[in-house]
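Enquirer: First, the structure itself, so that you have it in front of you.
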Amino acid sequence: MLETVFQFLDIKDTLTFSPAYGHQVTRIDEHEFDIPANDLIIQAANLLKSQTDARELQGVDITLKKRIPPGAGMGGGSSNAASTLIALNRIWKLGKSQAQLLKLAVMLGADVPVFVLGKSCWATGIGDVLEAFTPKEKWYCVYVPTVSVSTAKIFDDPGLIRNHPHLSMDDYPSAETTNDLEAVTRTLFDSVEDAFELLGKYGNPRMNGSGSSVFIACESKTHAHHIRNTLPSGAPCLITRSLNTIEH
């Protein structure tokens, strides 16, 4: 069973929904990332369509301006899927409740429901059992190696620890927490290991989800920029802060 904290970062992709001729949902890319044609945006739209009656729905063009690198463990694809469910539910006037959308969200991925909910949470199960939780909001320096990590590959790895001692939400603030996925990802991807070595000079680096991004908590925005400015020139770093709520 997964035990984790979901908290948002103040960095986002932008999706724009526009009426289109016909009945197709089309994704229009305005970014340089390579993502599958049938990504979570299209999967979310098709899933929502499948839950409606037989009437034809208005076609929609979804313009994607992507900032969150794919395979970085930062929830870009999951947040886009959630946004698509919420937006098309409104555009198509389907009237589905948040509870109904949450049930659809988990069919798309374990990380999608929390983005539908829009609040930081303590998560168990496969990540779909959510309890309200408000960890401290902080500034972070996030190093994003130029490698995409498959979450499924990490979870399927035989070296993954699967018997970690139980940790409750009440224990979390005072406990020494770890990310059991880190060891596997660092072994499989040299660039992730390199990120740990670089940020390790400034504190205790941690990994987002299954990677590839690695972050270090900072005392302030100024501190975060100081760390980035002392890293090698061109280092793929983001400065951002955590958020406990997001708006749809």
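Every read-out reported here was derived from the displayed coordinates using simple, explicitly stated rules and does not represent laboratory data. All values reported here derive from a predicted model rather than from experimental measurement. With ideal geometry, Cβ positions are generated from the backbone for all residues, glycine too; neighbour counts draw on all protein chains shown.
Enquirer: Return the sequence-ordered ³J(HN,Hα) values of the stretch 189-195 in whole Hz as given by the Karplus equation 6.51 cos²θ - 1.76 cosθ + 1.60 applied to θ = phi - 60°, using x for Gly and Pro.
Expert: 10, 4, 5, 6, 4, 4, 5
Enquirer: Given a Förster distance of 35 angstrom, what is the FRET efficiency for GLU131 paired with LEU231, based on the Cβ-Cβ distance and rounded to 0.05?
Expert: On the way: r = 36 Å, r/R0 = 1.04.
That pair, GLU131 with LEU231, gives E of 0.45.
Enquirer: Subtracting the Cα-Cα distance from 0.36 nm times the residue separation, let me have the gained length for ASN204 to ASN179 in nm, one decimal.
Expert: Result for the pair: 7.8 nm of gain on full extension.
Enquirer: I would also like to ask the following. List the relative contact order of the chain as a percent without decimals, with contacts defined as Cα pairs under 8 Å and 6+ residues apart.
Expert: On the way: 435 pairs, mean separation 62.6, N = 248.
It comes to 25 percent, rounded to a whole number.
Enquirer: Further, regarding this structure: With a 10 Å cut-off between alpha carbons and a GNM built on the chain, which of ALA20, ALA87, ALA123 moves the most?
Expert: Per the Cα network of the chain with a 10 Å cutoff, ALA20 tops the list.
Enquirer: Give, rounded to the nearest 20 debye, the magnitude of the charge dipole that the chain has about its Cα centre when Lys and Arg contribute +1 at Cβ and Asp and Glu contribute -1 at Cβ.
Expert: So the dipole magnitude of the chain works out to roughly 720 debye.
Enquirer: For the stretch 164-225 and the stretch 12-47, write down the distance between their C-alpha centroids in whole Å.
Expert: Cα centroid to Cα centroid, the span is 31 Å.
Enquirer: Using the Karplus curve 6.51 cos²θ - 1.76 cosθ + 1.60 with θ = phi - 60°, what ³J(HN,Hα) values do you get for each residue of the stretch 13-27, in whole Hz, with x for Gly and Pro?
Expert: Along the stretch 13-27, the couplings run 7, 10, 10, 10, 9, 10, x, 9, 5, x, 10, 7, 9, 10, 9 Hz.
Enquirer: Still on this model: Could you work out how much longer the chain between HIS166 and THR146 gets when fully extended? Use 0.36 nm per residue separation minus the Cα distance between them, nm to one decimal.
Expert: 3.9 nm
Enquirer: If you don't mind, another one. Taking the radius of gyration and the Kirkwood hydrodynamic radius from Cα positions alone, what is the Rg/Rh ratio for the stretch 4-123, to two decimal places?
Expert: A ratio of 0.95.
Enquirer: In addition: Step through the residues of the stretch 138-146 one at a time and calculate ³J(HN,Hα) from phi using the Karplus curve (6.51 cos²θ - 1.76 cosθ + 1.60, θ = phi - 60°), rounding each to whole Hz and writing x for Gly and Pro.
Expert: 9, 8, 9, 9, 10, 9, 10, x, 7
Enquirer: Within the stretch 122-185, report the GluC sites (Glu not before Pro) that DSSP leaves as loop and that have at most 11 other Cβ atoms within 10 Å. Before the final figure, lay out each step's value.
Expert: On the way: sites: GLU131, GLU137, GLU176, GLU182; in loops: GLU137, GLU176.
Within the stretch 122-185, the qualifying GluC sites (Glu not before Pro) (loop, at most 11 other Cβ atoms within 10 Å) are GLU176.
Enquirer: I've got another one for you. Taking the Cα centre as origin and putting +1 on Lys and Arg beta-carbons and -1 on Asp and Glu beta-carbons, what dipole magnitude results for the stretch 139-243, to the nearest 20 debye? Could the numbers behind the result be given before it?
Expert: Working: 8 positive and 12 negative charges, 85 e Å.
I would put it at about 400 debye.
Enquirer: Now a separate question. Modelling each spin label as a point 7 Å along the Cα-to-Cβ direction, I'd like the TYR21/LYS138 distance in nm, to one decimal.
Expert: About 5.4 nm separates the two model spin labels.
Enquirer: Positive end of the charge dipole of the chain (Lys, Arg +1 and Asp, Glu -1 on Cβ, about the Cα centre): tell me which of ALA81, LEU160, SER148 has its Cα farthest that way.
Expert: So the residue furthest toward the plus end is ALA81.
Enquirer: Something else now. Given H placed 1.01 Å from N in the peptide plane, which residues other than close sequence neighbours of ARG27 have an amide H under 5 Å from its amide H?
Expert: Under 5 Å from the amide H of ARG27: ILE62.
Enquirer: When only DSSP loop residues count, what trypsin sites (Lys or Arg not before Pro) in the stretch 191-248 have their Cβ near at most 15 other Cβ atoms within 10 Å?
Expert: Passing both the DSSP loop test and the Cβ count: LYS201.
Enquirer: Can I ask one more? With a sphere of radius 15 Å drawn around the Cβ of HIS225, what net charge do the other residues whose Cβ falls strictly inside it have (Lys, Arg +1; Asp, Glu -1)?
Expert: On the way: positive: LYS138, LYS221, ARG228, ARG241; negative: ASP10, GLU219.
Local charge sum for HIS225: +2.
Enquirer: Further, regarding this structure: Tell me which chymotrypsin sites (Phe, Trp or Tyr not before Pro) from the stretch 7-94 have a DSSP coil assignment and no more than 10 other beta carbons within 10 Å of their own.
Expert: TYR21
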